[in-house]
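Enquirer: First, the structure itself, so that you have it in front of you.
A short reminder: the numbers here are calculations on the coordinates, not readings from a lab. In this text the structure is predicted, and so the values were computed from the model without any measurement. Reconstructed Cβ throughout: ideal geometry from the backbone, glycine too, with neighbour counts over all protein chains shown.
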Amino acid sequence: MAMLEGKVAIITGAASGMGRAMARRFAAEGAKLLLADLQVDKLEAVVAKLKDAGHEVISESVDVCKTADVDRMIDRVLNEFGGLHVLCNNAGILDNLTPLHDTDEEMWDRLMAVNAKGPYLASRRAVAHMKDSGGGSIVNTASAAGTCGGRGGAAYTASKHALVGLTRSTAWFYGPHNIRCNAICPGAVMTAMASSFTPHAEGFERYSKYFPTVPPFGKAADIGDVATFLASDEARYVNGAIIPVDGGWVAY
Ligand SMILES: NC(=O)c1ccc[n+]([C@@H]2O[C@H](COP(=O)([O-])OP(=O)(O)OC[C@H]3O[C@@H](n4cnc5c(N)ncnc54)[C@H](O)[C@@H]3O)[C@@H](O)[C@H]2O)c1
């Protein structure tokens with residue numbers, strides 16, 4: 001049987017990169033999907049391809065920081081698919097390696113809103129449903145910057161540490177309700193985020209001193225494959241795990 005047969009999953013940030021890779025693999029493994037993103041045109045292209053291949057996929061234009069958007073997303077999946085078994089809080093943004101002294105309040109608030117508040121809003125609704133429906137799996141895309149100080153700027157690092165904390169708290173509180181919550185901590189993965197950002201000069205200079213210790217770029221599918229395992233019942237005994245998927249970067 002396919003790994004996610006019979007499961008309904010939401011993936012945020014599914015128009016691009018890792019979210020799109022998760023969507024492709026989840027669909028191939030038999031899941032019904034609600035894909036969410038801000039970039040509607042790119043999202044629709046992903047949905048169209050999956051539908052052409054015969055998969056059951058719907059989409060929502062969602063800003064993960066907005067409560068009304070997140071509520072609409074959860075209501076829609078429950079109404080159309082009759083349940084929710086897997087939530088992937090994957091949408092995220094970068095701070096361009098900006099150090100603390102140049103991090104203005106707007107940047108701080110935006111990073112915390114997308115990378116930490118977004119997963120909080122969606123997880124809050126998801127656990128309320130999963131508690132009463134037999135359980136589920138939440139997969140958060142954190143970062144190597146969620147466990148180390150030298151993998152992003154100040155706001156990105158703080159927001160991903162917050163997401164790691166939310167992951168552990170969710171795992172601890174809701175494990176008894178058969179809800180598992182785990183975080184993937186990608187290293188450097190070649191996606192739009194990694195290829196198109198304009199780094200802060202000082203942050204980049206400091207960061208680049210460590211380039212020789214960074215393993216080769218990973219692929220979005222490397223993350224999608226681990227997310228598939230965590231979403232599936234094969235990970236039934238994995239809860240509260242903060243899993244590096246980084247080619248060994250944080251071990252160096
Ligand atoms: N690429 C890397 O090297 C890397 C490393 C570690 C962690 N990550 C994390 O992986 C996740 C996926 O990133 P990616 O590399 O695939 O980047 P990406 O830019 O290709 O994809 C991110 C997606 O999130 C969407 N998004 C951003 N803000 C949103 C919002 N407010 N509401 C809804 N959607 C929103 C974007 O439109 C985009 O489609 C992010 O959480 C990122 O922080 C990336």
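Enquirer: Tell me whether region 202-221 contains one or more residues that are assigned to a helix (DSSP H, G or I) and within 12 Å of the ligand (Cβ to nearest atom). Lay out the reasoning, then the answer.
Expert: Step one: filter region 202-221 for residues assigned to a helix (DSSP H, G or I), giving 202-208, 211-213, 220-221.
Remaining after also requiring within 12 Å of the ligand (Cβ to nearest atom): 220-221.
Taking every residue of region 202-221 in turn, at least one turns out to be assigned to a helix (DSSP H, G or I) and within 12 Å of the ligand (Cβ to nearest atom).
Enquirer: Conditions first: (1) surrounded by 22 or more Cβ atoms within 10 Å (Cβ to Cβ); (2) assigned to a helix (DSSP H, G or I); (3) within 13 Å of the ligand (Cβ to nearest atom). Arg72 passes all but one, so which condition is the exception?
Expert: Every listed condition holds for Arg72 apart from (1).
Enquirer: Scan region 89-99 and give yes if some residue there is touching a helix residue (DSSP H, G or I) at 6+ places or on another chain (Cβ under 9 Å) and assigned to a helix (DSSP H, G or I), otherwise no. Spell out how you get there, then give the answer.
Expert: Just the residues of region 89-99 that are touching a helix residue (DSSP H, G or I) at 6+ places or on another chain (Cβ under 9 Å), to begin with: 89-99.
Then drop every residue that is not assigned to a helix (DSSP H, G or I), which leaves none.
No, the conditions are met nowhere in region 89-99.
Enquirer: Next question. Output the residue which, of all residues in region 45-57 that are more than 12 Å from the ligand (Cβ to nearest atom) and in a helix (DSSP H, G or I), is surrounded by the fewest Cβ atoms within 10 Å (Cβ to Cβ).
Expert: Of the residues in region 45-57, the ones more than 12 Å from the ligand (Cβ to nearest atom) are 47-57.
If we keep only those that are in a helix (DSSP H, G or I) too, we end up with 47-52.
Details: Val47: 20, Ala48: 12, Lys49: 15, Leu50: 22, Lys51: 14, Asp52: 8.
Among residues in region 45-57 that are more than 12 Å from the ligand (Cβ to nearest atom) and in a helix (DSSP H, G or I), the one surrounded by the fewest Cβ atoms within 10 Å (Cβ to Cβ) is Asp52.
Enquirer: Could you check, for region 211-222, whether at least one of its residues is in contact with a helix residue (DSSP H, G or I) (Cβ under 7 Å, 6 or more places away or on another chain), crowded, with 16+ Cβ neighbours inside 10 Å and not hydrophobic (A, V, I, L, M, F, W, C)?
Expert: No; the residues of region 211-222 include none that is in contact with a helix residue (DSSP H, G or I) (Cβ under 7 Å, 6 or more places away or on another chain), crowded, with 16+ Cβ neighbours inside 10 Å and not hydrophobic (A, V, I, L, M, F, W, C).
The rows are residues; the columns are (1) more than 13 Å from the ligand (Cβ to nearest atom); (2) assigned to a helix (DSSP H, G or I); (3) touching a Gly at 6+ places or on another chain (Cβ under 8 Å).
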position	(1), (2), (3)
Ala2	yes, no, yes
Ile10	no, no, no
Leu35	no, no, yes
Asp41	no, yes, no
Arg76	yes, yes, no
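Enquirer: Select from region 58-68 the residues that are among the small types (Gly, Ala, Ser) and part of a strand (DSSP E or B) and write down the one among them that is nearest to the ligand (Cβ to nearest atom). Break it down stepwise before answering.
Expert: Initially, region 58-68 is screened for residues among the small types (Gly, Ala, Ser), giving 59, 61, 68.
When the remaining residues are screened for being part of a strand (DSSP E or B), the result is 59, 61.
On the way: Ser59: 12, Ser61: 9 Å.
In this case the residue turns out to be Ser61.
Enquirer: Spot the failing condition for Asp109; the list is (1) closer than 26 Å to Val226 by Cβ; (2) within 15 Å of the ligand (Cβ to nearest atom), and only one is missed.
Expert: Answer for Asp109: the failing condition is (1).
Enquirer: Taking the residues in region 123-170 that are among the aliphatic types (A, V, I, L, M) and within 25 Å of Phe81 (Cα to Cα) as candidates, determine which candidate is nearest to the ligand (Cβ to nearest atom).
Expert: To start, the set of residues in region 123-170 that are among the aliphatic types (A, V, I, L, M) comprises 126-128, 130, 138-139, 142, 144-145, 154-155, 158, 162-164, 166.
Retained after the next criterion (residues that are within 25 Å of Phe81 (Cα to Cα)): 126-128, 130, 138-139.
Numbers: Ala126: 16, Val127: 20, Ala128: 21, Met130: 21, Ile138: 14, Val139: 11 Å.
Checked region 123-170; the qualifying residue nearest to the ligand (Cβ to nearest atom) is Val139.
Enquirer: May I pose another question? Would you check which residues across region 171-192 are more than 15 Å from Leu230 (Cα to Cα), near the ligand (Cβ under 8 Å from one of its atoms), crowded, with 16+ Cβ neighbours inside 10 Å and not β-branched (Val, Ile, Thr) and list them? Let's see the steps before the verdict.
Expert: Filtering region 171-192 for residues more than 15 Å from Leu230 (Cα to Cα) gives 172-174, 176-177, 187-192.
Those still in the list that are near the ligand (Cβ under 8 Å from one of its atoms) too: 187-192.
If we keep only those that are crowded, with 16+ Cβ neighbours inside 10 Å too, we end up with 187-189, 191.
Within region 171-192, Gly187, Ala188 meet the criteria.
Enquirer: Hey, another quick one. Restrict the check to region 93-100 and report whether at least one residue is surrounded by fewer than 18 Cβ atoms within 10 Å (Cβ to Cβ) and charged (D, E, K, R).
Expert: Taking every residue of region 93-100 in turn, none turns out to be surrounded by fewer than 18 Cβ atoms within 10 Å (Cβ to Cβ) and charged (D, E, K, R).
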